[in-house]
Protein chains: 2
Amino acid sequence: MQKRQLQMIMFIKCKDLCKRDNPQVPESLGVLIGCTFLVAMFLFIPIPYTFEESALFDIKTGAKPATFPHEKFAEMIAALLSICCMILLGFADDVLDLRWRHKLLLPTMATLPLLMVYYVNFNITTVIMPKFVRSLLGYSLDIGVFYYIYMGMLAVFCTNAINILAGINGLEVGQSIVIGASILFYNVIELAFGHQVDCHKFSIYLMLPFLAVSLALWKYNKYPSQVFVGDTYCYFAGMTFAVVGILGHFSKTLLLFFIPQILNFLYSVPQLFHFVPCPRHRLPKYDVRTELLHISTTEFHLKDLNPLGLLMVRILKNLKLISWQEQVDGRVITNNFTLINFVLVLFGPVHESVVTQFLLGFQVICTLCALIIRYPLASYFYEA
Amino acid sequence: MQKRQLQMIMFIKCKDLCKRDNPQVPESLGVLIGCTFLVAMFLFIPIPYTFEESALFDIKTGAKPATFPHEKFAEMIAALLSICCMILLGFADDVLDLRWRHKLLLPTMATLPLLMVYYVNFNITTVIMPKFVRSLLGYSLDIGVFYYIYMGMLAVFCTNAINILAGINGLEVGQSIVIGASILFYNVIELAFGHQVDCHKFSIYLMLPFLAVSLALWKYNKYPSQVFVGDTYCYFAGMTFAVVGILGHFSKTLLLFFIPQILNFLYSVPQLFHFVPCPRHRLPKYDVRTELLHISTTEFHLKDLNPLGLLMVRILKNLKLISWQEQVDGRVITNNFTLINFVLVLFGPVHESVVTQFLLGFQVICTLCALIIRYPLASYFYEA
């Protein structure tokens, strides 16, 4: 059946621009992966709740148990609702090619049910302060509605961060697998310590099937890609991470696993907010002769930039974070500001699969850093 | 913003075959309507739970209340999850044009979360028997797992029943509005009687926004259609009805509001199950000269039909429910077996808008019959 669905979905096709003959590759497989995940979760839902002792039905009367964990159950369903909603919106984006401002609005909409559940089940908006500011602000601070805004923005960030660090074979899926595995590893450590058992169990319930479907997708999406994942998969993966971060109460740790995405976002800021001209696509250029990727570039006159843009460009240039070619007529040619291009600036033209491997390796190293920050360092700022 | 989204969605276009110059009409507006419904519901969720006295947070400590109706809350979220899932699958169907067997599988998948919640919150699988069989089977009968199969099949029926009584301007939306209004009317009556207040309140919460978005869609979808709704809307509407029927505990009454759809389904059975040849489209034929609709036909040799098909065709012929033309070479030409064609068999060629008006009028009459069956007649079979 999967084979047939693959054939049907193939009519949404896309050219692979980094290959010799620009082969047509079926696009938007993410929707299939997302639906598989949802069906697996639907079938899984009753299992953890049926075998809890407190949740057993009275066999004689069929009456529902008095102590059934309805809160946890509502959380699980709301999590799936947010993910399902995001897959729907992502698929709509793939098919209809929405504009940027909608890409920010959509995840906000999809997070609403999650925030509702958070409001109803927890409504804890208190942030524990690091030790060194406690004398000023006290042990904890209730930031109220800002906590909800923070959570909403977390979802917007997670979904879009994966979507902008993308475009070469296997990168979207690869980074999602690394992040998912990092979260799973963190959950297992916390479970072993016996911290907040319920939250981390909840996260594991979602992460295991997520990794399973992502690994299946990776098989077809890795270099050379037989399928593309579309925005749907990026949104789906990002929302799944945001959901476990929010309802699992480890949103700060979650952000630590997103270091490469955060760096990519910060590096992209001058172009994303149009301080520097941003072409429609910022993918590296493919050289047919050598089969290597070269940086893609953007051109501008320094006098056309506003003061803030000029400042950003000068900082990046002085830190040697961008390539820089000044033409005789005063035009400047630099690489596009993405992590993918930055890898090419560092190492020169390399093969597409090498770029992916390098970025995934960097993601793994960042996870190790994140765990170091989370465990030994955090005890300096908070209790151990 | 809506205007711009309409423009973007317009690239999925479809020819209106029942108009003079087959104008291109934007297709699959259902996904926009469905998403609007979901967003409205997301924003609405906290309202009924915030103002219930038992649900108020302790303002000083921010602790969650002990008596918060978590069960009801989980129901509402599961209902939205099923609807969201169905919109996603419907949109996938519109874009990818799935096959028939998937159309039966998809609603089953989408109902899963609903059945889970039913299992966890109620798990009542007992059917109350009509008075005249109680001496045989007792007052009630626990049908166990069959009750879940019944509910799953109800969802499959509701989603597909609207989808097969469709194809002329405004019919899908019109019938959904009539059914929705009937359900709302029934809920209000039951609320006035004070029966099962919670269930009917739940249904009203879903029906009001459903009617609002459907009326907005009706404005553009009524004859002459400026937009088409796609399978998405039919699935969305059907699933919304199934959800309120199942979680509102009035699935039998719900089926009474589907009488025209049931008749259409029964009438279609010979073609749907291929006892009689079924062309890809069974829409009526448009006559450019007179601007009237004529029946569309199917041809077969009586000797090619299997015994069951022959029996069905003979019954329909003798009851004068189909047109019948025998050719000299033994071929038979009949109308396609849909309620739309049946209206044309009855009244001869009429204008497209007249067919819609007639079918919607019939739907209203059926609702009145349903209420008569539900109220005065049901008391003969069950308690008043």
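The values are calculated or read from the model by the stated rules, or taken from the named source; none is laboratory data. Predicted model only: the values in this text are computed from it and were never measured. Positions of Cβ are generated from backbone atoms using ideal geometry, with glycine treated the same way; all protein chains shown enter the neighbour counts.
Looking only at residues in region B:122-164 that are among the β-branched types (Val, Ile, Thr) and within 14 Å of chain A (Cβ to nearest Cβ), which one is surrounded by the most Cβ atoms within 10 Å (Cβ to Cβ)?
By that ranking, first place goes to B:Thr125.
Could you count how many residues in region A:25-51 are at pLDDT 80 or above and of a type outside the set (A, V, I, L, M, F, W, C)?
So the count comes out to 4.
Look through A:Ser203, A:Ser182 and report the one residue that is small (Gly, Ala, Ser), within 17 Å of the chain's Cα centre (by Cα) and farther than 20 Å from A:Cys369 by Cβ.
So the residue among A:Ser203, A:Ser182 that is small (Gly, Ala, Ser), within 17 Å of the chain's Cα centre (by Cα) and farther than 20 Å from A:Cys369 by Cβ is A:Ser203.
Run A:Ser296 past the list (1) in contact with a helix residue (DSSP H, G or I) (Cβ under 6 Å, 6 or more places away or on another chain); (2) polar (S, T, N, Q); (3) touching a residue at least 40 places away in the same chain (Cβ under 8 Å) and report the number of the one that doesn't hold.
Among (1) in contact with a helix residue (DSSP H, G or I) (Cβ under 6 Å, 6 or more places away or on another chain); (2) polar (S, T, N, Q); (3) touching a residue at least 40 places away in the same chain (Cβ under 8 Å), the lone unmet condition for A:Ser296 is (1).
Filter region B:82-93 down to residues that are crowded, with 24+ Cβ neighbours inside 10 Å and more than 7 Å from every other protein chain (Cβ to nearest Cβ), then give me how many there are.
5
Could you list all residues from region B:221-233 that are over 24 Å from B:Phe44 (Cβ atoms) and either at pLDDT 90 or above or not hydroxyl-bearing (Ser, Thr, Tyr) (or both)? Walk me through it before giving the result.
Residues of region B:221-233 that are over 24 Å from B:Phe44 (Cβ atoms), as a first pass: B:221-228, B:230-231.
Across region B:221-233, the qualifying residues are B:Asn221, B:Lys222, B:Pro224, B:Gln226, B:Val227, B:Phe228, B:Gly230, B:Asp231.
Would it be correct to say that A:Ser54 is assigned to a helix (DSSP H, G or I), more than 9 Å from chain B (Cβ to nearest Cβ) and modelled with pLDDT under 85?
It is true that A:Ser54 is assigned to a helix (DSSP H, G or I), more than 9 Å from chain B (Cβ to nearest Cβ) and modelled with pLDDT under 85.
Starting from residues that are of a type outside the set (Val, Ile, Thr) and part of a helix (DSSP H, G or I), keep the ones in region B:134-148 and report whichever is nearest to B:Leu217 (Cα to Cα).
Only one residue tops the list, namely B:Tyr148.
Report the residue count in region B:323-377 for those that are loosely packed, with under 14 Cβ neighbours inside 10 Å and assigned to a strand (DSSP E or B).
3
Taking the criterion of being of a type in the set (Lys, Arg), closer than 27 Å to A:Cys234 by Cα and buried (at least 18 other Cβ atoms within 10 Å of the Cβ), would at least one residue in region A:270-281 satisfy it?
No, region A:270-281 contains no residue that is of a type in the set (Lys, Arg), closer than 27 Å to A:Cys234 by Cα and buried (at least 18 other Cβ atoms within 10 Å of the Cβ).
Quick test for you: out of A:Phe122, A:Phe146, A:Phe157, pick the one residue that is among the aromatic types (Phe, Trp, Tyr) and within 22 Å of A:Leu371 (Cα to Cα).
Just a single option satisfies the conditions, and that option is A:Phe157.
Consider B:Gly170 against the criteria (1) more than 13 Å from every other protein chain (Cβ to nearest Cβ); (2) on the phi < 0 side of the Ramachandran plot; (3) crowded, with 20+ Cβ neighbours inside 10 Å: it satisfies all of them except one. Which criterion is unmet?
Answer for B:Gly170: the failing condition is (2).
What's the total number of residues in region A:305-322 that are exposed (fewer than 13 other Cβ atoms within 10 Å of the Cβ) and either part of a helix (DSSP H, G or I) or not polar (S, T, N, Q) (or both)?
Adding up the residues that qualify gives 7.
If a residue counts only when it is touching a strand residue (DSSP E or B) at 6+ places or on another chain (Cβ under 9 Å), which helices (runs of 4 or more DSSP H) contained entirely in region B:149-267 have at least 1 such residues?
B:230-247
Test B:Ala79 against the criterion of being more than 9 Å from chain A (Cβ to nearest Cβ), assigned to a helix (DSSP H, G or I) and more than 20 Å from B:Val229 (Cβ to Cβ), and give yes or no.
yes
Taking the condition of being closer than 19 Å to A:Val173 by Cβ and basic (Lys, Arg), how many residues in region A:17-50 meet it?
1
Here is a list of conditions, (1) aromatic (Phe, Trp, Tyr); (2) under 28 Å from the mean Cα position of the chain (by Cα); (3) part of a strand (DSSP E or B), and A:Phe300 meets all of them except one; can you say which number that is?
Unmet for A:Phe300, out of (1) aromatic (Phe, Trp, Tyr); (2) under 28 Å from the mean Cα position of the chain (by Cα); (3) part of a strand (DSSP E or B): (2).
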